[in-house]
Amino acid sequence: MSEIEALLQKRTDTLQAKDLAGFQSTFDGTRSALRRCQGEAFEIASRQGTSSAPKVGKVEPYLDLYVRAYVGSDASGYQRLYFRKEGGRWILTEPKDDELGGDRAKKINDIDLTYYGIDDDIAEVYAKAGASARDFVLTVVRGKTGTPFGLRIFPTRGAAGPTVGCGVAGFHLQNNPNDHFIRLFSNGLSFKPGFTAMTDATVALIRHEGLHWAQDQMIPGITARLDWWLSEGWPDYVGEFRALATKKQVICTTATPTFKQLVDGIAITPETPLELPAQMYSFANSMVEYLEVTFGKDAYFDLMTAYKDSVDPKITYPRVLKVTPEQLYDGWKVWAKQKFC
C-alpha cells in the first residue's frame, strides 16, 4: 500500500510542477485509452491546478499481474484503480479487454445490470445504487413509461472505447426510448468508505442519466428539439448532480456563455479548453433552477410540450413563459450572480 501511495504522491507532485515527462512515467503508455485520458488530465491540471494526493483505502490482487486499489478520500469517495509493476516500479494501468472477465448479466433489485466479470464482486453494490436512482426518477416522470432503465458498467477507459470522451462519466442514448440502459464509466463510479456502497455523487450521476431516460419516455425524441440548456440543465438540477460549490466556482469565475451557446451547446474544436464542456453544465443547471423559481415547476414540462410544435425560442418562450428569450436570459444572469456570487 505504501508503494502505491508513493506513486500517487509522485503523480500529484508532477502535476503541480507541470512536469509532463515525470507525469508520463507514472502511468502505462501501452494502454491507448488510458494514455489519452491521462494526457487530458495533465492539460486540465496545468490550467486549473490539482489537489493533494489521494489516499489508498484498500489494495487487493487482480489476476497475477495487477493490484486493484481503492483510491480517493472519505469525503469524496474512492475509485477502483489498477496498477502493475514495470521495471521494478509501480505504474497506473488498466487490464486489457481480454482480462476483464467477459460479459455478465444479472437482474438485481429489479435492475437489469450488464457488466464485466472484473466487477462481479460489486454487482450488487451497483444495482443498489441503480435502484435508488430509479425510484427517484419514477417520482418525477409524468405519464406512462416503458421498461425502467438498467445499467451497463464499463470498468476501464479501454472498455469504454475510443469514441467516449475522457470526461464523460455516463450517458443514456437520447432520442432512443426503446434503449433503457444507462452507460456508466469508471471515472464516474466511486465508493463510500467501507467500499460496500456507492457515493451520493455516483447515485446522483445515475439520477441525471435516468432523467434523460425520463425525457424520452415523456415525449419520445424531444431532446433532439430542446435547447441545450433545457435538455441538460433539467436532469442536472432535478437530479442534484452539480455540487453547490462547483456552481459557485464556475458561475462566479468563468465567462458567462452567450444565449446562443446555451441554446446550441458548445461547439467542440481542437482549441476548446477541455474543462469548458463540464463548466457549461453549471450554467444550464442554474438556468433551470431560475426557470422553476421564477415561472413555477410546471414551466419546464410546458416548454417541453411547446417544443413539439416549434424549436424556436422566440416562439416557445413567449407562448409558455410570456417573456422573450432576451428577457429570460438577462433575468437569469442577474439572478445567478446574486444567488451564487
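The values are calculated or read from the model by the stated rules, or taken from the named source; none is laboratory data. Since we're looking at a predicted model, the values are computed, not measured. Heads up, the Cβs are rebuilt from the backbone with ideal geometry, glycines too, and the neighbour counts pull from every protein chain shown.
Quick notes on this one:
- Test: residue in segment 305-314 that is closer than 22 Å to T246 by Cβ and aromatic (F, W, Y): no
- Screening P155, P148, P177 for residues that are in contact (Cβ under 8 Å) with a residue 12 or more places away in the chain and over 23 Å from I122 (Cβ atoms) leaves exactly one candidate, P177.
- Residues of segment 43-97 classified as under 18 Å from D119 (Cα atoms) and either without any contact (Cβ under 8 Å) to a residue 40 or more places away in the chain or not basic (K, R) (or both), total: 24
- Residue, surrounded by the most Cβ atoms within 10 Å (Cβ to Cβ), within segment 89-110, restricted to residues that are of a type in the set (A, V, I, L, M) and in contact with a helix residue (DSSP H, G or I) (Cβ under 6 Å, 6 or more places away or on another chain): L100
- Taking segment 19-37 as the range and being polar (S, T, N, Q), over 23 Å from the mean Cα position of the chain (by Cα) and part of a helix (DSSP H, G or I) as the test, only Q24 passes.
- Residues that are charged (D, E, K, R) and more than 21 Å from Q338 (Cβ to Cβ), drawn from segment 234-290: E240, K260, D264, E271, E275
- Annotation note: Cβ proximity below 6 Å between a residue of segment 289-309 that is within 14 Å of W335 (Cβ to Cβ) and a residue that is surrounded by 15 or more Cβ atoms within 10 Å (Cβ to Cβ) (sequence gap 6+ or interchain) occurs for E289/Y237; Y290/W332; Y290/W335; L291/A299; F295/L321.
- Complete set of residues in segment 8-27 that are closer than 12 Å to W90 by Cβ and in contact with a helix residue (DSSP H, G or I) (Cβ under 6 Å, 6 or more places away or on another chain): T26, F27
- Filtered by the rule that a residue be part of a loop (DSSP other than H, G, I, E, B) and hydroxyl-bearing (S, T, Y), segment 57-88 gives a lone residue, S76.
- Where T156 falls short, out of the listed (1) within 29 Å of A6 (Cα to Cα); (2) more than 16 Å from the chain's Cα centre (by Cα); (3) of a type in the set (V, I, T): (2)
- In segment 233-267, of all residues being in a loop (DSSP other than H, G, I, E, B) and over 14 Å from the mean Cα position of the chain (by Cα), the one that is surrounded by the most Cβ atoms within 10 Å (Cβ to Cβ) corresponds to P257.
- When S73, S52, S46 are checked against the criterion of being modelled with pLDDT of 95 or more, within 29 Å of Q279 (Cα to Cα), surrounded by fewer than 18 Cβ atoms within 10 Å (Cβ to Cβ) and not acidic (D, E), S73 stands alone in meeting it.
- Any hit, segment 186-194, residues being in contact with a strand residue (DSSP E or B) (Cβ under 8 Å, 6 or more places away or on another chain), among the hydroxyl-bearing types (S, T, Y) and under 28 Å from P270 (Cβ atoms): yes
- Flag if V168 is within 16 Å of the chain's Cα centre (by Cα) and not acidic (D, E): yes
- Checked against (1) buried (at least 18 other Cβ atoms within 10 Å of the Cβ); (2) in a loop (DSSP other than H, G, I, E, B), G194 passes all but condition (1).
- Which listed residue, of A197, A278, is in contact (Cβ under 8 Å) with a residue 24 or more places away in the chain, in the same structural domain as G130 (by TED's automatic domain parsing) and aliphatic (A, V, I, L, M): A197
- Just so you know, in segment 292-309 the residues that are part of a loop (DSSP other than H, G, I, E, B) and either over 14 Å from V263 (Cα atoms) or not hydroxyl-bearing (S, T, Y) (or both) include one that is nearest to the chain's Cα centre (by Cα), and it is K297.
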